[in-house]
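Just below is one structure, and these are the notes that go with it.
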Amino acid sequence: HRWLIPTEKTPSRPCPQSSLLHRPLEKVKPEHLALLVKTEWQLSYVTPLYQFRHTQLKTYARQLSAFIAAEKQQGLAVEVGGLQNTFKVSFSVLQGLAETNDDPETVLIQVQSKPMFARQEDPPKTVWSGWLSCINGNPEYLQSLPKDFTCLPLFCSKGAEGLSSLVKSWLQRTFDCCFGPLDINQTTLQWLAALWTNCHMETNIQKLKMIWTLPVVPPLQVTYTVDSDDALELWRSTRESSAEKSRGAEDEVCIDFSEVTRFMQGLMSHFYRHFRVDLSAGELNQVSSALGSAKLNGKIKISSSRYLISIFSLLTECALLKMPI
């Protein structure tokens, strides 16, 4: 039971109950939640980590601190300018995000340093953050891994690209893993548009904003903003039409991909009637609402923790599908 992003190899099927229900995050410390929301994260996928141990986080922090400092002294971290050569790294567990017994706990990595000309009494500042996560991961895949491997396929980072490269390099050398970019494809953007619209029944999303790029010369960017109530009315009519077939209690809290497709077709048809522009000929690049934003280039911002589990369950599935076999 998980989000399943339909591809040529995987048929569409409903997603789990958690996809439309927000789960209270009482077990997650408020200060940890504050670190995750209202920040734009760059997404990557990462293959399983060999001999990673949640009990060794303090050791990893010392090793990564020394690695970053050594690389900067050698002049290799040229993009991390303006900082002192002393870096403090912390690894911590974000308990309470795991949805199943198979999900490893999320790990947060933070890098702190002082500006080059800071006073001695000035506290260090967090100059880079990243986290490794697996939320509602594919149980068959997770259970098939040898015991020495830990699967945390979703890597989110913010901060200087030079530091991101150094952290990834250390993780690759230490745990024999590989990283790759995790774009948010159009299918996923459409899922998020539907999910956020559905959330308007409980939380005011203010508006649904979508940005398309059309293949003309020069390329034409189209911004399509829909009033939240109008978007919800269309979404409800889409859900009602699919309810003509028998719908159980579980289906009421699931999104089927065919519903997402009809919802997007309805939005594009409305735009065509008014402007005679066929958005289906273009590429959806960005979706946003008061609950967050997501971009085709793999950047996402969650403005409320209320639906964090639903969204990062979806992104975990995307990361697992993107990993090389």
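Readers should treat all values here as calculations from the given coordinates under stated rules, not as data from a laboratory. Values in this document were obtained by computation on a predicted structure and should not be read as measured data. Here Cβ is always computed from backbone atoms with ideal geometry, including for glycine, and neighbour counts include all displayed protein chains.
What the table below lists for this structure:
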{"read-out": "Top positive-direction residue, dipole computed over segment 110-210 with Cβ charges, set Phe179, Ala160, Asn138", "value": "Ala160"}
{"read-out": "Stretch gain in nm, segment Asp183-Lys88, where the contour uses 0.36 nm per residue and the Cα spacing is subtracted", "value": "31.2 nm"}
{"read-out": "Theoretical gain in end-to-end length, Arg276 to Ala34 [0.36 nm per residue, Cα-Cα removed]", "value": "82.8 nm"}
{"read-out": "Extension reserve of the Gln73-Asp230 stretch, reckoned as 0.36 nm per residue once the Cα distance is removed", "value": "50.9 nm"}
{"read-out": "Alpha-carbon centroids, segment 309-325 and segment 130-151: separation in whole Å", "value": "11 Å"}
{"read-out": "Burial ranking of peptide ranges 126-132, 34-40, 270-276 (average Cβ count within 10 Å, highest at the top)", "value": "126-132, 34-40, 270-276"}
{"read-out": "Estimated inter-spin distance, Asp148 and Ser169, nm [label 7 Å along Cα→Cβ]", "value": "2.6 nm"}
{"read-out": "Rough spin-label spacing in nm, given labels placed 7 Å along Cα→Cβ, for Thr126 and Leu220", "value": "4.4 nm"}
{"read-out": "Separation of the Ser241 and Thr100 label points, Cα + 7 Å toward Cβ, nm", "value": "3.3 nm"}
{"read-out": "Distance-filtered residues of segment 171-185 - backbone nitrogen under 15 Å, label point 7 angstrom along Met323 Cα→Cβ", "value": "172, 175-182"}
{"read-out": "Listed peptides 138-148, 282-292 by packing density, highest first (mean Cβ within 10 Å)", "value": "282-292, 138-148"}
